[in-house]
Amino acid sequence: MANSTTMPVGQSPCGDLTQGRIPAGAPTLDFSGRRVLIAGGSKGIGRELALAFAGAGARVSACARGLPGLQRLQADAEAQGTPLHVFTADLADIDQISLWLQASADALGGIDVLVNNATGYGMADDEDGWAASLQIDLMAAVRASRLALPWLRASDDACILNLSSIAAQQPRPGGAPYAAAKAALSHYTTSQALALAADRIRVNAIAPGSIAFADGLWDRRRVDDPDLYHATLARIPFGRFGHPREIADAALFLCSPLARWITGHVLNVDGGQVLMG
């Protein structure tokens, strides 16, 4: 029997494969040779995303507004033997998004994966707060995704991952601009997945629960608002807050060949937090 690295087109019990070929063997989380962009990558979840993809072999570009955080990220990545490209950009500014995408594509040789992680959590419930939250939590992803399409269409295995939030599913007093923007982002993910399926570009989202990290929101609330901190903790069945690495692990899966037949999905990574209402 002749050896083959692919399953012959049209000879699968899984349906019509005339539009593609499925690799034989077990898919892995090896991202060697893939070009991954992280929008909002200097701290918290974004930082962990950048380090995780780089650690899995990807060539990574991360952007954020603050240079010091990006420099720390770059130094930590290089310390683990994984060079990382960084770029300062305000993701509320479409021109700066465009500059970052072009610089990243030039530095990495293209774009295979775009991770939209920008967040404007904590905006006031007023005109300015709503405008700012929609610009960061929704439109930054819309614009980056649209502008990245020429490179993604040229990729052999392209995907977009949006970072939403369980706040999009759980009404709470305060935080309406953020919750509404993330709800719109979740819906955009499903619409985007359908629109880009013909281009073989997968689109998914992760909705993190409450995630704690040093000098992050929940680390500060533990001291500044212990009642809210403990009330939130009580609504997490596993009895602890999530860690940014747990979001990064889910991201690696969704952007890998292991998830090649998954698109238009919003994955809650929350330790069951939404189950508690």
Output yes when any residue across the stretch 239-253 is over 21 Å from residue 112 (Cβ atoms) and of a type in the set (Gly, Ala, Ser), and no when none is.
yes
What is the one condition in (1) surrounded by fewer than 16 Cβ atoms within 10 Å (Cβ to Cβ); (2) of a type in the set (Gly, Ala, Ser); (3) within 16 Å of the chain's Cα centre (by Cα) that residue 198 does not satisfy?
(3)
For residues that are closer than 12 Å to residue 251 by Cα, outside any strand (DSSP E or B) and out of contact with any Gly (no Cβ under 8 Å at 6 or more places or on another chain), tally how many sit in the stretch 32-47.
1
I'd like the full set of residues that are buried (at least 18 other Cβ atoms within 10 Å of the Cβ) and hydrophobic (A, V, I, L, M, F, W, C), limited to the stretch 251-269.
251, 252, 254, 255, 259, 266, 267, 269
Name every residue in the stretch 74-99 that is within 16 Å of residue 46 (Cα to Cα) and either without any contact (Cβ under 8 Å) to a residue 12 or more places away in the chain or of a type in the set (Phe, Trp, Tyr) (or both), in order of residue number.
75, 87
Qualifying residue in the stretch 82-102 (condition: over 19 Å from residue 162 (Cα atoms), at pLDDT 95 or above and acidic (Asp, Glu))
yes
Are any residues in the stretch 196-236 in a loop (DSSP other than H, G, I, E, B) and either among the small types (Gly, Ala, Ser) or over 16 Å from residue 47 (Cα atoms) (or both), and if so, which ones?
200, 209, 210, 212, 214, 216, 225, 235, 236
Of the residues in the stretch 166-175, those that are in contact (Cβ under 8 Å) with a residue 24 or more places away in the chain and either at negative phi or part of a strand (DSSP E or B) (or both) number 4
From the residues in the stretch 137-151 that are hydrophobic (A, V, I, L, M, F, W, C) and under 14 Å from the mean Cα position of the chain (by Cα), which one is surrounded by the fewest Cβ atoms within 10 Å (Cβ to Cβ)?
142
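Table: residues versus (1) in contact with an Asp or Glu (Cβ under 8 Å, 6 or more places away or on another chain); (2) at pLDDT below 95; (3) not acidic (Asp, Glu).
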residue: 110; (1), (2), (3): no, no, yes
residue: 128; (1), (2), (3): no, yes, no
residue: 152; (1), (2), (3): yes, no, yes
residue: 173; (1), (2), (3): no, yes, yes
residue: 177; (1), (2), (3): yes, yes, yes
residue: 187; (1), (2), (3): no, no, yes
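Here is a yes/no grid of residues against (1) among the β-branched types (Val, Ile, Thr); (2) modelled with pLDDT of 95 or more; (3) buried (at least 16 other Cβ atoms within 10 Å of the Cβ):
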site	(1), (2), (3)
20	no, no, no
31	no, yes, yes
38	yes, yes, yes
43	no, no, yes
56	no, yes, yes
60	yes, yes, yes
Consider residue 239 carefully, then state whether it is outside any strand (DSSP E or B), without any contact (Cβ under 8 Å) to a residue 12 or more places away in the chain and at positive phi.
yes
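The values are calculated or read from the model by the stated rules, or taken from the named source; none is laboratory data. Quantities reported herein were computed from a predicted structural model and do not represent experimental measurements. So basically every Cβ, Gly included, is an ideal-geometry build from the backbone, and we count neighbours across all protein chains shown.
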